1. State the antiparallel share, in %, of DSSP beta bridges confined to the chain, rounding to the nearest 5.
2. Along the Cα-to-C-beta direction of Gln275, a point sits 7 Å from the Cα; which residues of the stretch 205-231 have their amide N less than 20 Å from that point?
3. Would you tally the net charge around Leu47, using a Cβ to Cβ cut-off of less than 15 Å, leaving Leu47 out, and scoring K and R as +1, D and E as -1?
4. How charged is the neighbourhood of Thr321? Take every other residue with its Cβ under 13 Å from the Cβ of Thr321, and add Lys/Arg as +1 and Asp/Glu as -1.
5. Using a simple charge model, +1 on the beta-carbon of Lys and Arg, -1 on the beta-carbon of Asp and Glu, nothing else, what dipole does the stretch 51-271 show about its Cα centre, in debye to the nearest 20?
6. Check the chain and count each lysine pair with an alpha-carbon distance under 25 angstrom, considering only pairs eight or more places apart or from different chains.
7. How big is the stretch 108-233 by Rg and Dmax over its Cα atoms, in Å?
8. Where Lys and Arg each count +1 and Asp and Glu each count -1, what net charge lies around Trp83 among other residues with Cβ under 15 Å from its Cβ?
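Only the coordinates and a few stated rules stand behind these numbers; no lab work does. All values derive from a computational prediction rather than experimental measurement. Positions of Cβ are generated from backbone atoms using ideal geometry, with glycine treated the same way; all protein chains shown enter the neighbour counts.
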Amino acid sequence: MTRSLEDLASPYLRGLIPYSPGKPIEEVERELGISNSVKLASNENALGPSPLALQALREALPGIHRYPDGSGHSLRQALGRHWDVAPELVILGNGSNELLELAGRCFLLPGDEAVYAEQAFIVYDLVAQVTGAAKVRVPLTNFTHDLDAIRAALSPRTKLVFIGNPNNPTGTAVPARALEAFLESVPSEVLVILDEAYYEYLPPELIPDALRFVRAGRLVLVLRTFSKIYGLAGLRIGYGIGPAPLVGLLNRAREPFNTNSLAQAAATAALSDEQHVASTRAITETGRKFLTEQCRALGLRVVPSVANFLLVDVGRPGPATADALLRHGVIVRPMAGYGFPTHLRISVGTPPENERCIAALKAVLGK
Ligand SMILES: Cc1ncc(COP(=O)(O)O)c(C=O)c1O
């Protein structure tokens, strides 16, 4: 009897459609024979990394023959001070993506249920799929998480709930009080993963106090990242804040050196760079307003966003439109894989990048 490779692998892998990341600029340019393209496809920081982070990287470079501090002591201390939580409540990840996976691995088994929105960050779906857990996907209402419907979808078999706030790919956030009431209402034996990758972009009135639940020992894991406003996506570093027993449990299954020394040094510096964060917020707000108005002037529907990206309905197949934009040197993400066949997700860039994007859209749409 011979077993195929597929037979050898976990049966849950067979149904897995791999995450397709935005192509690197270099690859797109090589393929199309173009140069000077702009990448507005992965919601990165248009301003680039914090200068303080770059300085910290230069200083940390001579030490990279050593293994990193596996516990990330300095960064966890800094995060603890920053968010007014004990450092024991903080866990670092190789991107917040790793912590999503770690939580899935620690909690989900076949027969369990993971609940999340139908159109949310695709990794929630991948995490559930590889563990064999049932995927309970709740429709959005008006492009926004429907917390009442998510609450109603919980069952005795629910172990994990994923909430992205702001949500990717729609850029919407739920009212702060509604989110807090939701966290209050979830049964104490269900883990809520509140994915706040775009937290720092939220306007003050939409900022929920989820850490209050963590401090009270509720099963809430707040995930944040250095990939977005802090401009360190290439270094891969994010963090989670959760009650100490939960963090202790996740640490048991964590790879010992999951975050590298350069990432830890840069993240510690970036966290203190308030000027870089403020400039990023300002350039993002201006750019988001510009892109929204210009797209609407072209007759396109734009979902009102509070993040550093926009979901835009181009009224024709998104993948073909994104391909056409590529030929004009503008890289954006078609959202057909998320169930939005005629939408593109456009990250906010610098003012010249945003102008390039609008000019390319006009050319491609014949406006
Ligand atoms: C909602 C959301 N969560 C998590 C992530 C993962 O970010 P990272 O692994 O870079 O921290 C992303 C990245 O795009 C995201 O959009």
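1. So the antiparallel bridges amount to about 50 percent of the total.
2. Only 229-231 fall inside the zone, counting backbone N under 20 Å.
3. Result for the local shell: -2.
4. Around Thr321, the surrounding residues sum to +4.
5. Charge dipole of the stretch 51-271: 440 debye, to the nearest 20.
6. The result is 11.
7. Just the Cα atoms of the stretch 108-233 yield Rg and Dmax of 13.9, 40 Å.
8. Value of the local net charge: -1.
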